[in-house]
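> Before I ask anything, let me first share the structure, which is written out below as structure tokens.
The values are calculated or read from the model by the stated rules, or taken from the named source; none is laboratory data. Worth saying up front: this structure is predicted, and the values here are computed from it rather than measured. Cβ atoms come from the backbone with ideal geometry, glycine included; neighbour counts cover every protein chain shown. Note: areas computed on protein heavy atoms with side chains; ligands, DNA, RNA excluded. Shrake-Rupley method; radii C 1.70, N 1.55, O 1.52, S 1.80 Å.
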Amino acid sequence: MGLISVASNLSAWRGYEYYKSKKVKNFKQLGADEYTGQVTGSDGVYSIFLDTKHIRKSTCNCPHANGKRIICKHIVALYFEIFPKEADNYLELVEENEREAEQYKIELERKLHKYINALSKEELREALLEVLYDSPEWIYERFIRDRIGY
Ligand SMILES: [Zn+2]
């Protein structure tokens, strides 16, 4: 059931938040893979039809998804309400991605420190000049003002 992979990252996350803050009012199973339900949105209660086998057939009557084949946050919220295990899996995946991003940042910083520490004074001077020269003007001006005082 790859519903989350069909939704945009934003809709998936907002749908998870909707699910967690209990915005799903009710749901009913219609067939083997078909459900209907109601989710409280920013502008009223929306009606959702969820088809877990043919995900693109799912619908929601909110302004964002109405009449389009979009998996909006309301559909995602309903999906998580019906399949809480999928919500747990989703959160795990998000947290895993965050850990990886954090790890990447730490690694990049470590490499940057290593690189800078290996530079000579002259190389540092050149590198700083280059960065400042390419920076937006306000950074350049602030640097000069703070360092030289005008
Ligand atoms: Zn919707």
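> So what does I106 come to for accessible area, using a 1.4 Å probe and Å² rounded to 10?
Here the accessible area works out near 90 Å².
> Could you report the stretch 11-104's accessible area per residue, 1.4 Å probe, as an integer in Å²?
Value for the stretch 11-104: 59 Å² per residue.
> Using 7 Å Cα-to-Cβ label points, what is the A118/S135 separation (nm, one decimal)?
In this crude spin-label approximation the distance works out to 2.5 nm.
> What helices does the chain hold that run 18 Å or longer along their axis, going by alpha-carbon atoms, with a Kyte-Doolittle average of -1.0 or more, using DSSP H for the helix calls?
Passing helices, by number: 121-134.
> Å³ per residue of the Cα convex hull, for the chain?
Convex hull volume per residue, Cα atoms: 183 Å³.
> Could you name the aspartates and glutamates whose alpha carbon sits less than 16 Å from that of K68, not counting residues in the same chain fewer than 8 places away?
Partners within reach: D51.
> Expressed in nm to one decimal, what extension gain is obtained for the pair Q29 and E102 from 0.36 nm per residue of sequence separation less their Cα-Cα distance?
22.2 nm
> Out of A118, I75, L132, whose Cα points farthest toward the positive end of the dipole of the stretch 65-149 (charges: +1 Lys, Arg; -1 Asp, Glu; placed on Cβ)?
L132
> Here's a follow-up. Let's see if you can work this out: charge +1 on each Lys and Arg Cβ, -1 on each Asp and Glu Cβ, no other charges. What is the dipole magnitude of the stretch 3-90 about its Cα centre, in debye to the nearest 20?
It works out to roughly 140 debye.
> Defining a contact as two alpha carbons under 8 Å apart and six or more residues distant in sequence, what relative contact order in percent does the chain show?
Rounded, it is 18 percent for the chain.
> Apply the Debye scattering formula to the stretch 69-150, with a single equal point scatterer on each alpha-carbon and no solvent, then give log10 I(q)/I(0) at q = 0.17, 0.24 Å⁻¹.
-0.84, -1.12
> Test of understanding: what is the full-extension gain from R147 to V6, defined as 0.36 nm times their sequence separation minus their Cα-Cα distance?
Difference between extended and current length: 45.6 nm.
> With every protein chain in place, what's the accessible area of L128 (1.4 Å probe, Å², nearest 10)?
We get 80 Å² for L128.
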